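**Q** Before anything else, here's the structure in question.
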Amino acid sequence: MPILRLAIPTPLRSLFDYLPPAQLSAAEIEALQPGCRLRVNFGRRQLQGYLVEVAADSEVPGSALKEARELLDTEALPAPTVLQLCLWAADYYQHPPGEVLELAFPPGLRGGKPHQPPGASAWTLSQRGRGLPDGALGRSPRQAEALQLLQQGGAVAGTVFREMGISTAILRQLEQKGLAERCTLPPPAVTAQAGPGLALNPDQAAAVAGILAGYGSFASHLLEGVTGSGKTEVYLQLIAHCLQQGDQALVLIPEIGLTPQTLERFRTRFGQGIAVLHSGLNATERYAAWEAARTGAAGIVIGTRSAIFTSLQRPGLIIVDEEHDSSFKQQDGFRYSARDLAVKRAQIENCTVILGSATPALETLHNALQGRYGHHQLALRAGSSELPEIAAIDVRRQELQGGMSAELREAVRTTLAAGHQVLLFLNRRGYAPTLQCHDCGWIAQCRACDARLTVHRRQRRLRCHHCSAGESLPSRCPQCHGNRLLTNGLGTEQTEDVLRLQFSAWPVHRVDSDSMQGRGAMQALVDEVGTGLPCILLGTQMLTKGHHFPGVNLVAVIDADALLFSADFRGEERMAQLLTQVAGRAGRAGDAGRVLLQTHYPDHPVMQAMLQESYAVQARRMLEQRRQSGMPPCGRLLLLRTDSADASTGEAFLGALRRKVQDQLPAGCQLIGPLPSPLQRRAGKFRSQLLVTAADVRHAQRAARLLAAEATQLPARNGLNWSIDVDPLDLG
Ligand code: ADP
Ligand code: ZN
Ligand code: ZN
């Protein structure tokens, strides 16, 4: 008896054996394809499983094997290459294969639902209708007419009947007689066609030619181009080539970068035929986009992280824009990097992948410098505009208002008076990060986390930025009932207040996740700022991604020191990326613009580097430091985390794990921990971690398999949860 080996979305890291459903004939079992969905009993639940292989025998004794209930697909819906990618990723990231394979399907196909892609409603003949002799409906001419149309074969759109004057009522009568059935028409294939591109400058032309030279087989490329250097134009022309070959292009964009502005740029060049996939869509929209990608109806697929698992009919090109962006790495559950999987996918699909950024991740730069990736540099801004100059403002002993020195306030004033726009960057939302009692010293703390509550004045609330906790803003100290409550530190709301007072003649736009609620908020802002009239933009990271503000002539970082003292080994890289990206918003419309960094440490080497060196130079120096320290990308990391109700449970689990694995680890691997995580208690759980360092990817992989296997064997008491993070981005 053949055995069906299934991946089932459960936390268990294994495949499950089932007998084929009884209804299936030997020939049907023979024809089963990996990736087909089956409904199965799993414990007391019914779940949807995914066929991985049909095996000749099972380790489970025959009598213990259960039958799968039902086959949901007669042919596999995801592309075989996507299945291969999922299984590879499940092994690489040591995540349960069923939960990974689930991502190969849109949410609309996850609960055992039949494959009925959304589309225009249509009608076809039923089994019975097909066997009906001519003239069988002699007494009902309208029904006969409808039937005749259907007998010409295939599905007929509802609109066609309406044009012929056949009402839905007539069709419903055929349906009731069991002669006709409803169905949906797949979306029509719209060929995306490229409008004319810009005349490329020599650097752009060299990049396009260099990338196209290897088109048609696997190759990875880094496109390293300063902000505004015309990377997007390079992508667009490569996509035009891809479409000309009849291939499809997959474009991955950071969470926050998938803006109407970005889409508009693609639509203007290529018209329709673009499928868009992101978490803001409803299930029907995602299903339709997924189907258009899978069937090849859409020439271009643009999406955020999880779009890397979208099946394509004829993949030719994969682009990861702003590849350094941390939103490409999922930070919980299945902790994959969509950027790294894009390279793996291109290898499986035998196609071209391009990672583009003004501030490439050191991982990517390392690969390019080692010759594993093609490396194309755009060192100059496209068009006429120059890169802005960066200067520091030494704020020591200065009087600050809303965090701004007199020098900065003056710079803002002259910029506005000259008719330009100003962008101020402050990466902390809310009014102030601390509320303290002046009488007794009490500080507002989150009850569930090792963290202070942030004051949100607009909402009159205290909110935790690590969990969902919140409470109303007290007017008296809960400890001593004193009424002298002080705020310490600075958030965007506070700076906004000062700006509104001091620059009341100009509009002030605060841009953070509190002020930009709702789908249209950001677009409305972008439209308004797009008029070019003088105004002040004040915001968090949200401002630095994906948006172009051509009228901005002054960019200032209000608290550059906030980035300076990070405990994370990636701290300096992040700071350089963020500041370079912020600075890149300035001077896009011809004029070079200015960038000011406010700091108490103007002589700090990292600050000096920011002022004097390009990101390209800084990145190469940081890479040298990583080489000396053996940290990624010049070594590999993996992290095993536990969450538990008290600190000792997690530490005991990780201590036991350490003892089990330490003599079996591959040579050169080192264990660090168990240690409490930097923010140990969050949302009521205590987090501990065990870090593994390895010399290279092969050793890290062996270590990951070993750790996951041993952790699975250990008893997890008191509701302890553990998870493994391969190539972690944050060590928290
Ligand atoms: P990036 O993606 O690197 O930030 P963009 O592709 O957005 O850069 O280009 C920045 C600006 O330069 C855009 O306004 C774009 O239209 C313009 N641009 C790009 N390439 C060229 C070119 N070859 N000739 C003229 N202008 C260009
Ligand atoms: Zn008090
Ligand atoms: Zn909290």
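The values are calculated or read from the model by the stated rules, or taken from the named source; none is laboratory data. Keep in mind that what you see is a predicted model, and the values were worked out from it rather than measured. Cβ atoms come from the backbone with ideal geometry, glycine included; neighbour counts cover every protein chain shown. The accessibility values were calculated without ligands, DNA or RNA, using every heavy atom of the protein model including side chains. Shrake-Rupley method; radii C 1.70, N 1.55, O 1.52, S 1.80 Å.
**Q** From Pro97, Pro106, Pro80, grab the single residue that is more than 30 Å from Leu640 (Cα to Cα) and not small (Gly, Ala, Ser).
**A** Pro80
**Q** Scan segment 408-417 and give yes if some residue there is among the basic types (Lys, Arg), open to solvent by 80 Å² or more (accessible area, probe 1.4 Å), touching a His at 6+ places or on another chain (Cβ under 7 Å) and modelled with pLDDT of 95 or more, otherwise no.
**A** Let us first name the residues in segment 408-417 that are among the basic types (Lys, Arg), namely 409, 413.
Checking the rest, the ones that are also open to solvent by 80 Å² or more (accessible area, probe 1.4 Å) come to 413.
From what is left, the residues that are touching a His at 6+ places or on another chain (Cβ under 7 Å) are none.
No.
**Q** Something else: Of (1) open to solvent by 20 Å² or more (accessible area, probe 1.4 Å); (2) within 24 Å of Leu19 (Cβ to Cβ); (3) not β-branched (Val, Ile, Thr), Gly119 satisfies all except one. Which?
**A** The failed condition is (2).
**Q** For segment 264-288, enumerate the residues that are under 17 Å from the mean Cα position of the chain (by Cα) and of a type in the set (A, V, I, L, M).
**A** Result: Ala275, Val276, Leu277, Leu281.
**Q** Sticking with this structure for a sec: With respect to Tyr336, determine if the residue is open to solvent by less than 30 Å² (accessible area, probe 1.4 Å), at pLDDT 95 or above and among the aromatic types (Phe, Trp, Tyr).
**A** Details: open to solvent by less than 30 Å² (accessible area, probe 1.4 Å): yes; at pLDDT 95 or above: yes; among the aromatic types (Phe, Trp, Tyr): yes.
Yes, satisfied.
**Q** Looking at (1) in contact with an Asp or Glu (Cβ under 6 Å, 6 or more places away or on another chain); (2) assigned to a helix (DSSP H, G or I), which is the only condition Thr124 fails?
**A** (2)
**Q** Which residue pairs have Cβ atoms closer than 7 Å, lie 6 or more positions apart in sequence or on different chains, and pair a first residue in segment 170-182 that is in contact (Cβ under 8 Å) with a residue 40 or more places away in the chain with a second residue that is part of a helix (DSSP H, G or I) and open to solvent by 90 Å² or more (accessible area, probe 1.4 Å)?
**A** Cβ pairs passing all conditions: Gly178/Arg128; Leu179/Arg128.
**Q** Kindly evaluate Ala392 against the criterion of being farther than 25 Å from Met607 by Cβ, aliphatic (A, V, I, L, M) and either touching a Cys at 6+ places or on another chain (Cβ under 9 Å) or away from ligand 2 (no atom under 16 Å from the Cβ) (or both).
**A** Details: farther than 25 Å from Met607 by Cβ: no; aliphatic (A, V, I, L, M): yes; either touching a Cys at 6+ places or on another chain (Cβ under 9 Å) or away from ligand 2 (no atom under 16 Å from the Cβ) (or both): yes.
When the stated conditions are applied, Ala392 does not pass them.
**Q** Anything in segment 408-464 that is polar (S, T, N, Q) and assigned to a loop (DSSP other than H, G, I, E, B)? List them, or say none. Explain how you work it out, then say what you get.
**A** Applying the first criterion (polar (S, T, N, Q)) to segment 408-464 yields 414-415, 421, 427, 434, 436, 445, 454, 459.
Scanning segment 408-464 gives Asn427, Gln459.
**Q** Residues in segment 291-308 that are out of contact with any Gly (no Cβ under 6 Å at 6 or more places or on another chain) and closer than 26 Å to His547 by Cα: how many?
**A** Restricting attention to segment 291-308, the residues satisfying the condition of being out of contact with any Gly (no Cβ under 6 Å at 6 or more places or on another chain) are 291-297, 300-308.
Subset that is closer than 26 Å to His547 by Cα: 300-308.
Qualifying residue count for the region: 9.
**Q** Got a sec? Which of Leu623, Leu637 is within 28 Å of Ser688 (Cα to Cα) and surrounded by 17 or more Cβ atoms within 10 Å (Cβ to Cβ)? Before the answer, list the steps.
**A** On the way: Leu623 fails: within 28 Å of Ser688 (Cα to Cα).
Step by step, each of Leu623, Leu637 is checked, and only Leu637 is within 28 Å of Ser688 (Cα to Cα) and surrounded by 17 or more Cβ atoms within 10 Å (Cβ to Cβ).
**Q** Let me spell it out: the conditions are (1) within 27 Å of Val697 (Cα to Cα); (2) surrounded by fewer than 17 Cβ atoms within 10 Å (Cβ to Cβ); (3) among the polar types (S, T, N, Q), and Thr74 meets all of them except one. Which number is the exception?
**A** (1)
**Q** Within segment 231-248, is there a residue that is buried (at least 22 other Cβ atoms within 10 Å of the Cβ) and away from ligand 1 (no atom under 15 Å from the Cβ)?
**A** Yes, there is a match, as at least one residue in segment 231-248 is buried (at least 22 other Cβ atoms within 10 Å of the Cβ) and away from ligand 1 (no atom under 15 Å from the Cβ).
**Q** Could you identify the single residue in His375, His456 that is in contact with a strand residue (DSSP E or B) (Cβ under 7 Å, 6 or more places away or on another chain), more than 16 Å from ligand 2 (Cβ to nearest atom), open to solvent by less than 70 Å² (accessible area, probe 1.4 Å) and under 23 Å from Leu563 (Cα atoms)?
**A** Details: His375 fails: under 23 Å from Leu563 (Cα atoms).
Testing whether each residue is in contact with a strand residue (DSSP E or B) (Cβ under 7 Å, 6 or more places away or on another chain), more than 16 Å from ligand 2 (Cβ to nearest atom), open to solvent by less than 70 Å² (accessible area, probe 1.4 Å) and under 23 Å from Leu563 (Cα atoms) leaves just His456.
**Q** Follow-up question, since we're still on this one. If you check Ala297, Ala283, Ala292, Ala275, which single one turns out to be of a type outside the set (Val, Ile, Thr), surrounded by 24 or more Cβ atoms within 10 Å (Cβ to Cβ) and over 28 Å from Thr227 (Cα atoms)?
**A** Numbers: Ala297 fails: surrounded by 24 or more Cβ atoms within 10 Å (Cβ to Cβ); Ala283 fails: surrounded by 24 or more Cβ atoms within 10 Å (Cβ to Cβ); Ala275 fails: over 28 Å from Thr227 (Cα atoms).
Only one candidate qualifies: Ala292.
**Q** Here's something else I'd like to know. When you scan segment 13-95 for strands (runs of 3 or more DSSP E) that lie fully inside it, which ones turn up with 2 or more residues that are more than 26 Å from Trp722 (Cα to Cα) and among the aliphatic types (A, V, I, L, M)? Working first, answer last.
**A** On the way: elements: 16-18, 37-42, 45-55.
Correct list: 37-42, 45-55.
**Q** Now for a different question. Across segment 698-732, what is the total count of residues that are open to solvent by less than 60 Å² (accessible area, probe 1.4 Å) and either more than 30 Å from Arg627 (Cβ to Cβ) or aliphatic (A, V, I, L, M) (or both)?
**A** 18
**Q** Touching a strand residue (DSSP E or B) at 6+ places or on another chain (Cβ under 7 Å), in contact (Cβ under 8 Å) with a residue 12 or more places away in the chain and buried (at least 22 other Cβ atoms within 10 Å of the Cβ) - does that describe any residue in segment 565-575?
**A** Step one: list which residues in segment 565-575 are touching a strand residue (DSSP E or B) at 6+ places or on another chain (Cβ under 7 Å), which gives 567.
Cutting the leftovers down to in contact (Cβ under 8 Å) with a residue 12 or more places away in the chain gives us 567.
Checking the rest, the ones that are also buried (at least 22 other Cβ atoms within 10 Å of the Cβ) come to none.
No, segment 565-575 contains no residue that is touching a strand residue (DSSP E or B) at 6+ places or on another chain (Cβ under 7 Å), in contact (Cβ under 8 Å) with a residue 12 or more places away in the chain and buried (at least 22 other Cβ atoms within 10 Å of the Cβ).
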